[in-house]
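Structure first, commentary second.
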Amino acid sequence: MTCNVVLMSSSYTMLIPFLPLYLRNELGTPEESLNMWSGAIFAISFAVCAVMAPIWGKMSDSKGKKLMLIRSSALIAVTYFCGALVQTPGQLFMVRVLQGFAAGLWPASLALTSAYTPPNKVGVSMGIMQSALITGNIIGPLFGGLLAESFGIRTSFFIAALALCVITAITVIFIKEPPKVQDGRTRVKVTYSALLRRDGVGILLIAAGLTNMVIMLLQPIMTLYIAELRHSEEHLILISGIVFSLSGIAGAIAAPLWGRKGQAVGFYRTMLAALVASGVLIAAQFIPDTLIPFAVLQFCVGLGFSGIFPSANAMIVNLTSPLERGSAFGMLFSSQQIGGAIGPLIGGLIATWINLSIIFMMSGTILVIIALLVYLKAPASLKVNPQKAAKETPSHDLIDSIKKQAAQDIASGVDLDASRHKNQEPDVPEVTAPDKDAAAGTGSVVAGTIYGFGEEKRYHKVTAPDEK
């Protein structure tokens, strides 16, 4: 999965930062409409993806996560190949529409990874996935810049299509579908309205969407702003790729550290810290009028940004059961795509009428406001300390021993209720009668997990219901 994410991210970032130059240099877009075309072409893919992501997420829960990985990677490979053949801005616009339909590779990857991750390793796992994503963000602009300088941006599209074909092959050959989790809620239909009503999910979706809006405010104009700082367009693609990669290098270093810290002190706290740090540093990019200090700040911005989405992803994992994760990550990805659709349009309008540097001040201010919103509106379910919750969770060995004991009791015909009173230990929690429906719906379940309360709550030794 890590290899897939690196290839996915690098193939994307070897193309997207250079689309404005592709429009101007190879598709003949007039200078006066360049910013508007750039904004529209960036935005349309996100807009379509925002509609499709929840659908693909739902299908990953019902049809299989591996199938969604294959679907997305194969279709994106086709869109990259088509992108290399276009001749006009309108044709590129239509390719980006198709790319929006194909998208969903990243949330499917997160859902599949989380299915194999134990609860006490969620933070580290999400940090590693984010680090793989950022590693691709380093490789992509550098490799894309070199290819574009040497052979043109069309060649980059062909190489990106090949990378997605490799992802498809790796998924088919090496990745296995995770086993279906059987618990008391297997027969309960997962609905988006129920997920949205769950404490903490709504505020995470809003924060993720606004954060991605900020990112996409900046991305379409970054290359043009670098040219403005250098007062020259000589080797612009290569230098832009290097500057883009600086934030990626910082993020690859910091993302696992954010994950470990979140596991220790709580992902809510790390998300707040990352939002504030990123906001202050992006706003500071308004100040430099030369490239070197701007590039240094770009590296520092990567240190902050790399803690936002891993924290949000980890909190989504803690708020949902494995049966819901595809849908939940689909909703999270959809909110990001809505922000991604709005950001380029706003950035394009601002770049057309206002100085480009103003966008950095606006973006930093928005991130600080997002942090304030999360601080004021986050429910208690988001503020749970994972380390403390893990200490309160019974060990897997204890649960397994209880299961085996129950099986032996049933097989030998021993009365379960009498056996429970005989062997019950004082430090083992017992689910009382009012909790049985929430836990399993019957008195016959011996062990399981309750989700949706900000942490996984283990229950076991459920009292058998009254025979009447």
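Residue check: ARG269 meets all listed conditions (1) farther than 26 Å from ILE203 by Cα; (2) open to solvent by 40 Å² or more (accessible area, probe 1.4 Å); (3) modelled with pLDDT of 85 or more but one, namely (1).
Checking every residue in the range 85-107 against the condition of being under 21 Å from ILE342 (Cβ atoms), at pLDDT below 85, in a helix (DSSP H, G or I) and open to solvent by 10 Å² or more (accessible area, probe 1.4 Å) gives at least one match. Could you tell me whether GLY39 is open to solvent by less than 20 Å² (accessible area, probe 1.4 Å) and in contact with a Gly (Cβ under 7 Å, 6 or more places away or on another chain)? In short, yes.
Summed over the range 222-258, the residues that are of a type in the set (Ser, Thr, Tyr) and either over 24 Å from THR2 (Cα atoms) or free of Cβ contacts under 8 Å to residues at least 60 places away in the same chain (or both) give a count of 4. Considering each of SER327, SER321, SER363 in turn, give the residue that is open to solvent by less than 10 Å² (accessible area, probe 1.4 Å) and either without any contact (Cβ under 8 Å) to a residue 24 or more places away in the chain or in a loop (DSSP other than H, G, I, E, B) (or both). It is SER321. Mind checking which residues of the range 48-69 are crowded, with 18+ Cβ neighbours inside 10 Å and of a type in the set (A, V, I, L, M)? Selection gives VAL48, ALA50, MET52, ALA53, MET59, MET68, LEU69.
Note on the range 281-318: residues that are closer than 20 Å to ILE249 by Cβ, surrounded by fewer than 19 Cβ atoms within 10 Å (Cβ to Cβ) and β-branched (Val, Ile, Thr) amount to 2. Checked against (1) open to solvent by 40 Å² or more (accessible area, probe 1.4 Å); (2) assigned to a helix (DSSP H, G or I), GLN337 passes all but a single condition, namely (1). Tell me, please, whether a residue that is out of contact with any strand residue (DSSP E or B) (no Cβ under 8 Å at 6 or more places or on another chain), of a type in the set (A, V, I, L, M) and within 18 Å of ALA148 (Cα to Cα) can be found in the range 26-45. Checked against the condition, which is being out of contact with any strand residue (DSSP E or B) (no Cβ under 8 Å at 6 or more places or on another chain), of a type in the set (A, V, I, L, M) and within 18 Å of ALA148 (Cα to Cα), the range 26-45 yields at least one hit.
Residues that are modelled with pLDDT of 80 or more and open to solvent by less than 20 Å² (accessible area, probe 1.4 Å) were ranked within the range 341-355; the one that is nearest to TYR116 (Cα to Cα) is ALA341. Among residues of the range 370-383 that are in contact (Cβ under 8 Å) with a residue 12 or more places away in the chain, those with a Cβ under 7 angstrom from a residue that is hydrophobic (A, V, I, L, M, F, W, C) and part of a loop (DSSP other than H, G, I, E, B), sequence gap 6+ or separate chain, pair up as SER381/PHE453.
The values are calculated or read from the model by the stated rules, or taken from the named source; none is laboratory data. Being a predicted model, the structure only gives us computed values, none of them experimental. A quick note on method: Cβ atoms are made from the backbone with ideal geometry, for glycine too, and the neighbour counts reach across all protein chains shown. Only protein heavy atoms, including side chains, enter the accessible area calculation; ligands, DNA and RNA are left aside. Shrake-Rupley method; radii C 1.70, N 1.55, O 1.52, S 1.80 Å.
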